[in-house]
Amino acid sequence: MPERLLQVECDKFKEECGVFGIYAPGHNVAQITHYALYALQHRGQESAGIAVSNGNKVDIEKGMGLVSEVLNGRKTRRLKGHLAVGHVRYSTMGSSSLVNAQPLLIRYSRGSLAISHNGNLVNGRQIREQLEQAGSIFQTSTDSEIVAHLIARLGGDLIEDTISQAVTHLQGAYTFVMMTDDKLIGIRDPYGIRPLSLGLLDGCYVLASETCAFDTIGAEFIRDINPGEMVVIDEKGLHTRRFAAEMPLALCIFEFIYFARPDSNIHGRNVHLARRELGKQLARECPVEADIVTGVPDSSISAASGVAEEMGLPYEMGLIKNRYIGRTFIQPSQEIRDLGVKLKLNAVKKVVEGKRIIMVDDSIVRGTTSKQIVQMLRNAGATEVHVRISSPPVVSSCYYGIDTSSTKELLGAYKSIEEIKNIIKADSLGYLSIDGMVSSVGLPVEGFCKACFDKQYIVEPTRGIKKEVFESMKR
Ligand code: SF4
């Protein structure tokens, strides 16, 4: 067994990142940004940071850890200015280290540029190689720095012209919240794979990955940033432009299944209500005789309530989560490995003993945690454990900023449902269908990326920077 420390974590897709920005003349915005990042903490727990501008000078605080650890009161109070961008990170590209923490701040001939990025470029490696050939020296291994180098090299009079030109070279999933000395800029990729919303706080514009951040700071939701849209907020107000042709929306459906907070709304659809519908549809598709329904906390509780409602069964708190274990590191040994899930979850014996249980979870990735939870319920006295998953089998990896494990580790990629049922030792196992998932989320327009379920990748890695642009950069 390796001697390194092992983080106690569930067998789940890992969240991406959370971004936030605010332009509020006459106000000091570091504290507001701090509170907004608390609301986005579920999107990334490895690093956090805030960059603030007073119109002339950009200052930054960032570090490894949770928002509460990195941005304590003294650090946030030190930052002064009316313009800010913030970031919470889980490393999908680039290693987990301070140098890769965001916002990324560059100072170049035209001033300062702070970048907060959510997503993953599928042509990032090609562009990085081209930029290195053209003489760029990279300090980090993040996609964000690729964009910074592109912007610095392209030049141009208006920064928004340069940025919109730079992002046309990018392929993949991205939302950016950027800040120059005096402008706030929000960008969403042409397919809208990752979410970005616009809000208003006391007449001042704010941008955030999720609307729950608006609720926390008291801002009002205005609208979602459109795919392929760039908004620029400065002393003249808000300006918008398209930098890419209109494409069909391909929002990551996993935002509704697992990533987003239940109190967030995406494209007008509340995440909790969407999850409850996923649960109801799951109950219709995979009925079973049982006594109670329980959900794996926290992300599966909404879906489990839908299963219970549809089946006419009581929803019970059969599993309790220890909310303070998330960042505990333990020594790996077989006993401690088995203990990992027990540190995070516990079955409520008085609730489950003698009962036939429907255990609802949002997904199965490698199956290791599911097996342990089924065993935990049996040890607590459950007579039957029927596992119901409020999404279809995950059969392929994500290239758009979600850490999904490699395809060979995904149980759904190479095992039948019957085989998975036997591996996790459940009495029965049922997954939601792809059609049932899409109809239950119920966006007004059907426009999802669901490639990890159906392998229909919207953006394939194809090319780097166009040849003529690349040649001009080398000059
Ligand atoms: Fe989301 Fe899956 Fe698409 Fe990745 S492949 S963006 S996780 S739906």
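The accessible area of residue 138, taken with all protein chains in place and a 1.4 Å probe, comes to roughly 40 Å². Stretching the chain fully between residue 417 and residue 247 yields a gain of 57.7 nm (0.36 nm per residue, less the alpha carbon separation). Computed about its Cα centre, the charge dipole of region 270-442 is approximately 540 debye, with only Lys, Arg, Asp and Glu carrying charge at their Cβ.
The residue 239 and residue 343 beta-carbon pair, evaluated with R₀ = 60 Å, returns a calculated FRET efficiency of approximately 0.75.
Restriction of the trypsin sites (Lys or Arg not before Pro) in region 214-258 to DSSP coil positions whose beta-carbon has at most 16 other beta-carbons within 10 angstrom yields 236. Relative to the longest principal axis of the Cα atoms of the chain, the long axis of helix 30-39 makes an angle of roughly 30 degrees. Relative to its Kirkwood radius, the Cα radius of gyration of region 270-442 gives an Rg/Rh of 0.95.
Ordered by 1.4 Å accessible area with all protein chains kept, 82, 272 run largest first as 272, 82. Note on the chain: helix-only mean residue ellipticity at 222 nm, from DSSP H runs of 4+ residues weighted -39500 (n - 2.57) and normalised by residue number, equals -8000 deg cm²/dmol.
In a DSSP loop and with at most 11 other Cβ atoms within 10 Å, the GluC sites (Glu not before Pro) in region 230-286 are 235, 246.
The modelled label-to-label distance for the pair residue 77/residue 54, using points 7 Å beyond Cα in the direction of Cβ, is 1.7 nm. Look at where the Cα atoms of region 139-172 and of region 29-97 average out, and the two centres are 22 Å apart.
Translational diffusion of region 138-194, estimated by Stokes-Einstein from the Kirkwood radius over alpha carbon pairs at 25 °C in a medium of 0.890 mPa s, is 205 µm² per second. Applying Stokes-Einstein at 25 °C and 0.890 mPa s to the Kirkwood radius of region 60-197, computed over alpha-carbon pairs, gives a translational diffusion coefficient of 157 µm² s⁻¹. A simple spin-label model places pseudo-atoms 7 Å from Cα toward Cβ; at residue 168 and residue 317 they are separated by 5.6 nm. Here r is the Cβ-Cβ distance between residue 298 and residue 28 and R0 is 45 Å; the resulting FRET efficiency, rounded to 0.05, is 0.85. Of 384, 229, the residue with the largest accessible area leads and the full order is 384, 229 (1.4 Å probe). When the solvent-accessible area of the chain is split by element, carbon and sulfur atoms take up 50 percent of it, the probe being 1.4 Å.
Of the listed residues 305, 363, the order by accessible area with a 1.4 Å probe, largest first, is 305, 363. Under the combined filter of DSSP loop state and at most 16 neighbouring Cβ atoms within 10 Å, region 29-111 retains these trypsin sites (Lys or Arg not before Pro): 57, 80, 110. The three principal axes of the C-alpha atoms in region 149-270 carry coordinate ranges of 42, 33, 22 Å, sorted with the longest axis first. Per residue, the chain exposes 40 Å² of solvent-accessible protein surface, assessed with a 1.4 angstrom probe and all protein chains in place. Between the residues 343, 299, 380, the greatest Cα displacement towards the positive end of the dipole of region 270-442, with unit charges on the Cβ of Lys, Arg, Asp and Glu, is found for 343.
Please go through the residue pairs 355/455; 80/236; 321/421 and name each one whose alpha carbons sit more than 27 Å apart in this structure. With Cα atoms farther than 27 Å apart: 355/455. Surface calculation, 1.4 Å probe, protein heavy atoms: residue 311 sits at approximately 50 Å² accessible. A Förster distance of 25 Å, applied to the separation of the beta-carbon atoms of residue 409 and residue 132, puts the FRET efficiency at 0.20. Computed with a 1.4 Å probe on the full set of protein chains, the accessible area for residue 435 sits at about 120 Å².
Note on the chain: Rg/Rh from Cα positions, Kirkwood definition for Rh, rounded to two decimals, is 0.99. Based on C-alpha pairs under 8 angstrom that are at least 6 apart in sequence, region 141-273 has a relative contact order of 21 percent.
The values are calculated or read from the model by the stated rules, or taken from the named source; none is laboratory data. Please read all numbers here as calculations on a predicted model, not as lab measurements. A quick note on method: Cβ atoms are made from the backbone with ideal geometry, for glycine too, and the neighbour counts reach across all protein chains shown. SASA here: full protein model, heavy atoms, side chains in, ligands and nucleic acids out. Shrake-Rupley method; radii C 1.70, N 1.55, O 1.52, S 1.80 Å.
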